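Taking it in order: structure first as structure tokens, then the write-up.
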Amino acid sequence: MSSAARLYLLCLLFIIGFSKIITAQTDSTANGGETFTAPLPVVFYTPETNLGIGAALIRNFYPGAKASPRPSQLQLGGAYTFNKQLLFFFSYQLFLRDGSREIFGELGYYDYIYFYYGIGNETQQVQEETYAVKFPRFRINMLEEVFPNFRAGLSYKFDAYDITGLAESGLLESNQPTGFEGGNISTLGAILRYDTRDNVNLPLNGWYVTLTLEQNAKWLGSSFNYNRALLDVVKYIPVGEKQTIALNTYTGTMGGQVPFQELLFIGGSRKGRGIIEGRFRDKSLLLFQAAYRFPIFWRIRGAVFASSGRVGATYGQLWKGTHHLNYGAGLRFLLNEKEQLQVRFDVGLGGDGLGYYLFFSDAF
């Protein structure tokens, strides 16, 4: 067994070792109680971060006089990656008014390193460079149920990018794309969501469709003026006992003065596993993903997946030229059978080689 494989196995065993703690705490909440956990491990791996380790405090509870069928959750934590990145976050997800109102978001601070290859479909791996960025982050979203399974609401996002560590005579310094010196991102958005999933954490059947319209403007305190429209459509098709085929279409387009770090991209742990996050980026994106997910034994499940995507300066360019392909397989371990909470380990193959991902929750 290679040293990399041993590392991934140890990480997975580390998470499994805490599954009984998580199971007991989640079960007490599901029965109407309230839990506040001791620090739990945060362990993940992506090609962009290398191994990340940390800890988080988690509180599950039911706010309001009329309890929601789903528990609300608060998370406070931090992590350090072997690529010398720091993450501090406070995230929240509140279900109010019998679950008909959902408020979720994040408050965090990140000292991060990102990859940059240029803009468009023709970027080359040999062009790879990194840049360092420090930024506080604020996210708040509020959705209200207006019809059964249909919610609508507003969102607000704020990031203050301080970009440093540009490679001398590199792409960013030479080409100076919009936003290469950093700046504020202040975005107001509208969200429409249709959700008929049978389970939030491990869906086997139903639809999950989200339309997001966003405006980033200087009158909101941003350094840039641009807009964005995103459509994320997921269909879960049961094909056997505890088996499902998941189909995902993710597409969007942007207009205006878009900073390079906000461009739509292919790659990462959710949008084209096996392709480095941001490997291909531009103002428009079209991505198709498919996965077959199935039980193996005990709490272990398997998955095979593939995707095909392309970026473009305009939406019309998405229908011309070849798409970037990737495929792979992975394992999932159910941390909690009652709530169907799981951790996944995926191996994806893209145009530049293998990518390994150790993460909580599935890609889509």
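The values are calculated or read from the model by the stated rules, or taken from the named source; none is laboratory data. Just so it is clear, the structure is predicted and the values come from calculations on it, not from any experiment. Cβ placement follows ideal geometry from the backbone for every residue including glycine, while neighbour counts extend to all protein chains displayed. Quick note on the areas: whole protein, heavy atoms, side chains included, nothing else; ligands and nucleic acids left out. Shrake-Rupley method; radii C 1.70, N 1.55, O 1.52, S 1.80 Å.
Given the rule -39500 (n - 2.57) for each run of at least 4 DSSP H residues, summed and divided by the residues of the chain, what is its mean residue ellipticity at 222 nm, to the nearest 500 deg cm²/dmol?
Only helices count here, giving -2500 deg cm²/dmol.
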Which length gain, in nm to one decimal place, applies between Ala329 and Phe150 when the Cα-Cα distance is subtracted from 0.36 nm times their residue separation?
-> 61.2 nm
Dipole of the chain, positive direction: furthest Cα of Ile58, Tyr109, Asn83, with charges on the beta-carbon | Ile58
Could you quote the convex hull projected area for the stretch 90-239, Cα atoms only and averaged over all directions, in nm²?
-> 11.8
Förster-model FRET efficiency, 41 Å R0, Ala160 and Val233, C-beta, rounded to 0.05 | 0.80
Quick one: dipole size for the stretch 200-325, taken about the Cα centre, charges +1 on Lys/Arg Cβ and -1 on Asp/Glu Cβ, in debye to the nearest 20.
-> 240
Cα centroid distance between the stretch 254-311 and the stretch 136-175, in Å?
-> 17
Among Ala313, Ile245, Val258, the residue whose Cα sits farthest towards the positive end of the charge dipole of the stretch 244-364, when +1 is placed on the Cβ of each Lys and Arg and -1 on the Cβ of each Asp and Glu, is Ile245
Kirkwood estimate for the stretch 271-364, i.e. one over the average of 1/r between Cα atoms, Å = 14.3
Extension gain, Phe138 back to Thr322 (0.36 nm per residue minus Cα-Cα distance, nm) | 62.5 nm
Does the chain come out rounded, prolate or oblate by the C-alpha gyration tensor, with a ≥ b ≥ c the root eigenvalues, rounded set by a/c under 1.5 and, if not, prolate when a/b is larger than b/c and oblate if not?
-> rounded
Hey, any idea what % of the stretch 61-167's accessible area is carbon plus sulfur with a 1.4 Å probe?
-> 60
Place a +1 charge on the Cβ of each Lys and Arg in the chain and a -1 charge on the Cβ of each Asp and Glu, then give the dipole magnitude about the Cα centre in debye, rounded to the nearest 20.
-> 780
Over the residues of the stretch 240-311, compute the C-alpha Rg and express it relative to 2.2 N^0.38 Å.
-> 1.37
Rounded to 10°, Cα long-axis angle of helix 3-16 versus longest principal axis of the chain = 40
Grab the beta carbon distance between Thr314 and Asn201, set R0 = 51 Å, and tell me the FRET efficiency rounded to 0.05.
-> 0.85
